[in-house]
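Since the structure comes first, as structure tokens, the remarks are kept for the end.
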Amino acid sequence: MHTYQHNIKSCFFLPFLKFFIFFRFFTIPTTMENMDLESKSVNTNFALPVDSEHKATEFRIYSVSAPHMRSFHLSWISFFSCFVSTFAAPPLLPIIRDNLDLTSTDIGNAGIAAVSGAVFARIAMGTACDLFGPRLASSALILITVPAVFLTSITNSALSFLLVRFFTGFSLATFVSTQFWMSSMFSANVVGTANGIAGGWGNLGGGATQLIMPLVFSLIHKIGANQFTAWRIAFFIPALFQALTAYAVFFLGQDMPDGDYAKLHKSGEKHKDNMLDVLYHAVTNYRGWILALTYGYCFGVELTVDNIIAQYFFDRFNVNLHTAGMIAASFGLANLFSRPGGGMLSDIVAKRFGMRGRIWVLWVVQTLGGLLCVLLGKVESLSGSIAVMLVFSVFCQAACGLTFGVVPFVSRRSLGIISGMTGGGGNVGAVLTQVIFFRGSKYSTETGITYMGIMIICCTIPILFIYFPQWGGMFYGPSSKGLTEEDYYMKEWNLKEKENGFHHASMKFAGNSRSERGKKVESAPTPIDGTPNI
């Protein structure tokens, strides 16, 4: 046991060592420049240089300037709070299990409930973002789910515990508003970086809560509360934190660079879209469905591991509760640099190879993550399991960042729903994985982890079929018909809508997305007059 403890302490600090090694690289590309976008930048009163849509063409992580960087910090902090609340229970499960007399099936069902609630909530959130804006949609959902976190402290049965985890899990749909918000604030050359860091630092809450909750529990227990009372009081901390972030997003946030949706709709600067049209263009775009499937086996796997990993090390290697929490935290804390690294890698590769590079690197990283997951289930030593888990966490989370380097380009008109479909796919993957491999006693946890790795590899294969006619795919270049970015994005608007000028934002986005042609890949020609051939 003493050897185990020594190995745990040394392995636990590996993510932080990797972070400092990575930090030098991390600070260099926060200002990624693209010549095509620079030529389109306009002089405004914004603190950051912007493109023709007033989206920032630079990403300055230490800035809090409005609206771009303030929106970034509000989005990741609010999403972080939702992750803390949703996964506050797993690190305390050994105590909660004894207090509520939970069986392994009860625990598995509650874990499934925590991630299943957000499946449809994420799709609904995407629609809400498209129609009402990310600020209102995000703050409303965060505030609505706060009572469920508070009510966790008075649960007294397996059913009530399942219900509070189910309703708390709805808050994870704020991931969609986070990615939508970043895609609305940052231009094509840095959108992968912005999405990756916002999503990664938000997901960091899944690791942080593995440390926070045992610590809060221990402090309350030492003050004098018995352990069955202490865990209940501990849930007031994530609930209060989540409520504060909801108010911060509502009062300090801004939907778009030029203002909130309500203001832009009233002034006529933004077209108030029809929900059915937005939905139609999302569900008929096969690329969104493929990304939803593959995201189910990077982010979905991450959610699954957040639910099972602390109890896995506690039961299999006989470590104490605090140590199991530290090990589990190291998986989630890798989001500090791994998911942001995936987003930045997507942008870096795109500068040279365009969209084809983004797709290739996504497939490679996620497939390697699957192989590492298979290996994790086969390792039998504590130190070996921790080491493999840490490397696996980097690839798994980087794949999440890489996915949302592609998502913003699937659709301009239906960006919110495409983001919601992809995010919802992550939760569906988590639900299916937990139902198949980690519910009941059909498989041991280590066998379930191995099978989960095989599913990652298999469900990543459809990435090979993603193809953009203006940019190409993994194995084929752009269409020989000479289709342009304008051709692709204008298909989402009918003739009458174009006559009314509703398509102007998509036209600007098409122009700004020409950077996805890359420097080494032949792409469609640019129309001389900027008018698409429809």
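The values are calculated or read from the model by the stated rules, or taken from the named source; none is laboratory data. Everything numeric here is computed off the predicted structure, so don't read it as measured data. Methodologically, a virtual Cβ is constructed for each residue, glycine included, from the backbone with ideal geometry; neighbour enumeration extends over all protein chains shown. Only protein heavy atoms, including side chains, enter the accessible area calculation; ligands, DNA and RNA are left aside. Shrake-Rupley method; radii C 1.70, N 1.55, O 1.52, S 1.80 Å.
Structure notes:
- Dipole moment magnitude, nearest 20 debye, the stretch 91-223 about Cα centre, only Lys, Arg, Asp, Glu C-beta charged: 180 debye
- Farthest positive-ward along the stretch 79-186 dipole, Cα basis, beta-carbon charges - from PHE166, LEU93, SER139: SER139
- Between 0 and 90 degrees, the angle of helix 191-223 with respect to the longest Cα principal axis of the chain falls at about 20 degrees.
- Euclidean distance of C-alpha centroids, the stretch 256-303 and the stretch 69-133, integer Å: 21 Å
- Stretch gain in nm, segment ASN156-LYS378, where the contour uses 0.36 nm per residue and the Cα spacing is subtracted: 76.2 nm
- Accessible area per residue, Å², the chain with all protein chains present, probe 1.4 Å: 38 Å²
- Protein accessible area in the chain, 1.4 Å probe - carbon and sulfur %: 65 percent
- Projected label points at ASN320 and ILE61, each 7 Å from Cα along the beta carbon direction, are separated by 3.5 nanometres.
- Pairs exceeding a 28 Å alpha-carbon distance, out of LYS263/LYS351; LYS55/LYS481; LYS222/LYS442; LYS263/LYS498; LYS496/LYS519: LYS263/LYS351; LYS55/LYS481; LYS222/LYS442; LYS496/LYS519.
- Dipole magnitude for the chain: computed about the Cα centre from +1 point charges on Lys and Arg Cβ and -1 point charges on Asp and Glu Cβ, it is near 440 debye.
- Cα-only Debye scattering, the stretch 288-337: base-10 log of I(q)/I(0) at q = 0.16, 0.18, 0.22, 0.31 Å⁻¹: -0.53, -0.61, -0.77, -1.07
- Taking the stretch 448-503 and dividing mean pair separation by its residue count, relative contact order in percent (alpha carbons under 8 Å, at least six apart): 18 percent
- Length-normalised contact order of the stretch 296-361 in % [C-alpha pairs under 8 Å, at least 6 apart]: 20 percent
- Axis of helix 299-316 versus longest Cα principal axis of the chain: the two differ by about 10°, to the nearest ten degrees.
- Environment charge of VAL361, counting only residues whose C-beta is closer than 12 Å and scoring Lys/Arg +1, Asp/Glu -1: +2
- Scanning the chain for GluC sites (Glu not before Pro) lying in DSSP loops with no more than 14 further Cβ atoms inside 10 Å, the longest uninterrupted stretch between such sites is 34-268.
- Sum of side-chain charges, ALA208 neighbourhood, beta-carbon under 15 Å (Lys, Arg +1; Asp, Glu -1): -1
- When the stretch 349-467 is described by a simple charge dipole with +1 on each Lys and Arg Cβ and -1 on each Asp and Glu Cβ, the residue from ALA430, LEU415, PHE465 located farthest towards its positive end is LEU415.
- For the chain, the extents of the C-alpha atoms along the principal axes are 72, 45, 40 Å, listed from largest to smallest.
- Placing +1 on the Cβ of every Lys and Arg and -1 on the Cβ of every Asp and Glu, with no other charges, gives the stretch 451-513 a dipole of roughly 60 debye about its Cα centre.
- Over all directions, the projected convex hull of the C-alpha atoms in the stretch 83-229 averages 9.3 nm² in area.
- Hypothetical label at LEU215: residues of the stretch 309-335 whose amide nitrogen lies under 17 Å (7 Å Cα-Cβ projection): 321-335
- For the chain, the relative contact order comes to 22 percent (Cα pairs under 8 Å, sequence separation of at least 6).
- Positive-end residue of LEU321, LEU279, ASN307, charge dipole of the stretch 273-380 with Cβ unit charges: LEU279
- Around LEU252: net Lys/Arg minus Asp/Glu count, Cβ-Cβ under 14 Å: 0
- Acute angle (nearest 10 degrees) that the helix 2-12 long axis makes with the longest principal axis of the chain, alpha-carbon atoms: 20 degrees
- Shape descriptor for the stretch 380-448: Rg over Rh equals 1.12 (Cα atoms; Rh from the Kirkwood inverse mean 1/r).
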